[in-house]
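Here is the structure we will look at, set down as C-alpha cells.
The values are calculated or read from the model by the stated rules, or taken from the named source; none is laboratory data. Computed from a predicted model, the values in this text were never measured in an experiment. Virtual Cβ from ideal backbone geometry, glycine too; neighbours counted across all protein chains shown.
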Amino acid sequence: MIDTSTPTIVTPQVLLTSHLKTLKLPTFAREYEKVGIECAHEDIDYPRYLLRLCELECIDRQRRNTERRIRLAKFPITKSLDTFDFTAIPGLNKSLVLELMRCEWIDKRENIIALGPSGVGKTHTALALGLAACQKGMSVAFTTAAALVHELMEARDERRLRVLQKKLTNVKLLIIDELGYVPFTAVGAELLFEVFSRRYEHAATMVTSNLPFDEWTSVLGSERLTGALLDRLTHHVHILEMNGESYRLATSKKRQKQTMQSKPSEENIKPK
Ligand code: ADP
Ligand code: MG
C-alpha cells in the first residue's frame with residue numbers, strides 16, 4: 001500500500017543535482033551554489049553566471065579526460081620536458097624536440113625514432129612526447145618492444161589477436177620503447193612487423209632503440225623483414241640522434257665527486 005500521509009518534498013536542489021548527474025555535469029553540481037553567491041556579490045547577471053559554470057565544467061572535463069588518457073597510456077612513470085636538461089645532451093636537436101612536442105607529427109601520421117646508447121634520455125623524451133599527446137587529447141599507448149611481442153604472442157595463443165591488433169592499430173600514438181635489448185623469435189618478429197605494417201600511414205609510432213639501423217636484424221632475425229619494417233617506419237620519420245654520456249652515470253659520478261669533496265682529507269683527520 002502506498003503511504004500518502006507524508007508527501008515527500010523534493011527540493012529543487014535535489015532535482016537539480018540529479019539532472020546534472022544525468023547530464024554528466026559534476027562541476028556544475030559541485031560549484032553552482034558557490035559561484036551563485038560569488039556572482040550575487042559581484043552583481044553578475046544570469047548569462048555570465050552560467051558562462052562561468054560552463055567554463056569551469058569545460059576546464060575540469062579536459063583535465064579529467066587528460067588524466068584518463070594518461071591512465072590508459074600505461075606510462076611506467078610520468079615525465080615531462082620540464083625536468084629534461086638539454087645541456088646534458090648537446091648533440092640532441094632541441095628545436096626539433098620542441099617542435100615535436102606540438103604533436104603535429106601525430107596528426108600527420110609520421111613517426112619518430114630515437115637512437116642512442118643506454119641512459120641518454122630516450123625513454124624520458126618518449127614519455128614527455130606521450131604526455132604532450134595526452135594533453136592534446138590524443139590516445140596514446142606506451143609499451144616496450146619485448147612486452148609488446150609478449151602480449152601479441154599471448155593474444156595469438158588465446159585467439160584474441162584480432163582484438164589486440166585492432167587496438168594497436170587505432171591508438172593515435174604508439175610508443176615502442178627499447179627495441180634492441182631482447183631478440184625476438186621468428187613468430188614474434190612477424191607479429192611486431194604486422195603492427196608497424198598496419199600503422200603505416202594510418203597512425204603515428206615512436207620507437208626508441210640502442211641499436212643503429214644496420215643492427216636491427218640482430219633482434220628481428222630476418223634481413224628481409226627488417227628491411228620491410230624499416231622501409232615503412234622510415235618513410236615519414238623524424239630521427240632523434242641521442243649520442244652522449246649516460247645521464248645516470250654522469251649524475252652518479254657527480255654525486256660521488258661531491259661526497260669525496262665533502263669528506264675531510266686523511267691529513268686533517270690524522271691525530272697530531
Ligand atoms: P634511456 O632510455 O636512453 O636509457 P632514460 O630516459 O631512461 O634513458 O634516462 C635515464 C634516467 O636519466 C632517467 O631517470 C631520466 O629521467 C634521466 N635523464 C636522462 N637524460 C636526462 C636529461 N637530459 N635531463 C634530465 N634527466 C635525464
Ligand atoms: Mg630507456
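Of A132, A126, A145, all but one fail to be closer than 27 Å to D60 by Cα and either in contact with an Asp or Glu (Cβ under 7 Å, 6 or more places away or on another chain) or not assigned by TED's automatic domain parsing to the domain that holds D214 (or both); the exception is A126.
Scan the range 110-122 and tell me whether some residue there is of a type in the set (S, T, N, Q), assigned to a loop (DSSP other than H, G, I, E, B) and more than 18 Å from the chain's Cα centre (by Cα).
yes
Give the residue, chosen from T27, T78, that is within 16 Å of ligand 1 (Cβ to nearest atom) and either touching a strand residue (DSSP E or B) at 6+ places or on another chain (Cβ under 6 Å) or among the β-branched types (V, I, T) (or both). Among T27, T78, only T78 is within 16 Å of ligand 1 (Cβ to nearest atom) and either touching a strand residue (DSSP E or B) at 6+ places or on another chain (Cβ under 6 Å) or among the β-branched types (V, I, T) (or both). In the set P183, P271, only one residue is at pLDDT below 85, more than 30 Å from E104 (Cα to Cα) and part of a loop (DSSP other than H, G, I, E, B); that residue is P271. Within the range 236-243, none of the residues are more than 27 Å from A128 (Cα to Cα), among the acidic types (D, E) and modelled with pLDDT of 95 or more. Looking at the structure I just gave you, is K172 in contact with a strand residue (DSSP E or B) (Cβ under 7 Å, 6 or more places away or on another chain), more than 16 Å from ligand 1 (Cβ to nearest atom) and of a type in the set (K, R)? When the stated conditions are applied, K172 passes them.
Considering the range 2-106, the qualifying helices (runs of 4 or more DSSP H), each wholly inside and each with 1 or more residues that are exposed (fewer than 12 other Cβ atoms within 10 Å of the Cβ) and not assigned by TED's automatic domain parsing to the domain that holds E241, run over 12-22, 26-41, 46-73. Need pairs with beta-carbon distance below 6 Å; first residue modelled with pLDDT of 95 or more and within the range 201-221, second part of a helix (DSSP H, G or I) and among the basic types (K, R); sequence gap 6+ or separate chains. Pairs that qualify, where the first residue is modelled with pLDDT of 95 or more and the partner is part of a helix (DSSP H, G or I) and among the basic types (K, R), are T205/R199; T208/K122.
Annotation: of all residues in the range 123-145 being away from ligand 2 (no atom under 16 Å from the Cβ) and assigned to a strand (DSSP E or B), the one that is nearest to F184 (Cα to Cα) is A141.
Scanning the range 113-159 for residues that are of a type in the set (V, I, T) and within 16 Å of ligand 1 (Cβ to nearest atom) returns I113, V120, T123, T125, T143, T144.
Somewhere in the range 148-167, is a residue within 19 Å of D231 (Cβ to Cβ), modelled with pLDDT of 95 or more and surrounded by 15 or more Cβ atoms within 10 Å (Cβ to Cβ)? Checking the range 148-167: not a single residue is within 19 Å of D231 (Cβ to Cβ), modelled with pLDDT of 95 or more and surrounded by 15 or more Cβ atoms within 10 Å (Cβ to Cβ).
Here L131 passes the criteria (1) closer than 25 Å to K94 by Cβ; (2) touching a Pro at 6+ places or on another chain (Cβ under 9 Å) except the one numbered (2).
Test T125 against the stated conditions and say whether it is surrounded by fewer than 21 Cβ atoms within 10 Å (Cβ to Cβ) and of a type in the set (S, T, Y). Can you show your working first?
Working: surrounded by fewer than 21 Cβ atoms within 10 Å (Cβ to Cβ): no; of a type in the set (S, T, Y): yes.
In short, no.
Does T185 satisfy being out of contact with any strand residue (DSSP E or B) (no Cβ under 9 Å at 6 or more places or on another chain) and either surrounded by 14 or more Cβ atoms within 10 Å (Cβ to Cβ) or touching a residue at least 12 places away in the same chain (Cβ under 8 Å) (or both)? For T185, the condition - out of contact with any strand residue (DSSP E or B) (no Cβ under 9 Å at 6 or more places or on another chain) and either surrounded by 14 or more Cβ atoms within 10 Å (Cβ to Cβ) or touching a residue at least 12 places away in the same chain (Cβ under 8 Å) (or both) - is met.
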